[in-house]
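Structure, as structure tokens:
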Amino acid sequence: MSSNDDQIAQAECHFGVRFPEDYRHFLATEGSMGRFVPPTDDFLMINPITELIKVNEAGDFQERFPRSVVIGGDGSREMLTYDFRQEPPSLVLLDVSAQDWSSAIHQATSFAALLEQFPETGWKWDDFEPSPS
């Protein structure tokens, strides 16, 4: 087991979850990211595994959002968060000042889906999901 795999396992143990395979693969291969994604030019930041516990403890996210794991964000106030209250966990956006889950804005059903759609959609700022035409 590589040190990266060990760190992933430690974070999973800390949060009492198993990360989805697409996110685990990203952590093991890419590790992290922080860049403006064209053509939307929205900033997407995915935290390295070494920062996950610290980031989640800094914002008291576990108290305000039970079964959550913040994995990144927009580089400012919005936190990209796994919602482990459901299986499989979806990704939502939460403002750092949000008090509970009612403020969550759905982003994607999986990490792979987020990365695939992000260049075209960027961040979604409301919960409206357009119906397919």
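The values are calculated or read from the model by the stated rules, or taken from the named source; none is laboratory data. Small disclaimer: the values here were computed from a predicted structure and weren't measured. Positions of Cβ are generated from backbone atoms using ideal geometry, with glycine treated the same way; all protein chains shown enter the neighbour counts.
Here is how the numbers come out for the structure above:
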{"item": "Selection status of Thr29, among the β-branched types (Val, Ile, Thr), touching a Pro at 6+ places or on another chain (Cβ under 9 Å) and either under 19 Å from Ile8 (Cα atoms) or at pLDDT 95 or above (or both)", "result": "no"}
{"item": "Residue selected from the stretch 35-50 under the condition in contact (Cβ under 8 Å) with a residue 40 or more places away in the chain and within 13 Å of the chain's Cα centre (by Cα), by the criterion surrounded by the most Cβ atoms within 10 Å (Cβ to Cβ)", "result": "Ile49"}
{"item": "Qualifying position, being among the hydrophobic types (A, V, I, L, M, F, W, C) and not in a helix (DSSP H, G or I), among Val55, Val69", "result": "Val69"}
{"item": "Test: residue in the stretch 51-58 that is surrounded by fewer than 20 Cβ atoms within 10 Å (Cβ to Cβ) and touching a helix residue (DSSP H, G or I) at 6+ places or on another chain (Cβ under 9 Å)", "result": "yes"}
{"item": "Residue check for Val96: farther than 22 Å from Asn4 by Cα and either at pLDDT below 90 or of a type in the set (A, V, I, L, M, F, W, C) (or both)", "result": "yes"}
{"item": "Filter pass, Arg18 being on the phi < 0 side of the Ramachandran plot, part of a loop (DSSP other than H, G, I, E, B) and either surrounded by 18 or more Cβ atoms within 10 Å (Cβ to Cβ) or of a type in the set (D, E, K, R) (or both)", "result": "yes"}
{"item": "Residues being at pLDDT 95 or above, within 14 Å of Met79 (Cα to Cα) and over 14 Å from the mean Cα position of the chain (by Cα) - total across the stretch 102-121", "result": "0"}
{"item": "Matching residues, the stretch 41-56, being touching a Phe, Trp or Tyr at 6+ places or on another chain (Cβ under 9 Å) and over 21 Å from Gln10 (Cβ atoms)", "result": "Asp42, Phe43, Leu44"}
{"item": "From the options Ser90, Ser97, Ser110, Ser102, residue that is in contact with a strand residue (DSSP E or B) (Cβ under 7 Å, 6 or more places away or on another chain) and either small (Gly, Ala, Ser) or at positive phi (or both)", "result": "Ser90"}
{"item": "Pro38 touching a Pro at 6+ places or on another chain (Cβ under 8 Å) and at pLDDT below 95", "result": "yes"}
{"item": "Every residue from the stretch 75-114 that is surrounded by 16 or more Cβ atoms within 10 Å (Cβ to Cβ) and in a loop (DSSP other than H, G, I, E, B)", "result": "Phe84, Pro89, Ala98, Ala104, Ser110"}
{"item": "Cross-chain or 6+ apart pairs with Cβ under 7 Å, the stretch 1-29 first and more than 14 Å from Thr50 (Cα to Cα), then assigned to a helix (DSSP H, G or I) and of a type in the set (Asp, Glu)", "result": "Arg18/Glu12; Phe19/Glu12"}
